[in-house]
Amino acid sequence: MRKELFWDRQKISSKAEIERAINFGGFDFINHVIKKYGRKQFINNILTSRNLSRKAVNYWCRIYKIDREQTKTFQSKSIWSPFR
């Protein structure tokens, strides 16, 4: 686990760990999370979480051949926007 991604939390849920891996983690951390929780839970997080960046969701939807319009991120108004 990359502790610098969880500086604000005492306990870390699997959902939070997967979300931060998708939004901020590198491929090594993402591979670690997939091995730890499984590909099914990783994909489920992509589909059900609204706390993901559209860019990251779009990328993983292309990798796993998921229609991005099925994801909560693309179904709802954007609540996550990166600073530019």
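Nothing in this text is a laboratory measurement; each read-out follows from the coordinates by a stated rule. These figures come from a predicted structure and were not determined experimentally. All Cβ positions, even for glycine, are placed from backbone atoms using ideal geometry, and neighbour counts span all protein chains on display.
Here are a few things to note about the model shown:
- Simple spin-label estimate for Asp28 and Gln70 in nanometres, 7 Å along Cα-Cβ: 3.3 nm
- Using θ = phi - 60° and Karplus 6.51 cos²θ - 1.76 cosθ + 1.60, couplings along the stretch 57-73 (whole Hz; Gly, Pro as x): 4, 4, 4, 5, 5, 5, 5, 9, 6, 10, 5, 5, 5, 7, 7, 5, 4
- Built amide H within the under 5 Å cut-off of Ser49, gap 5+: Lys72
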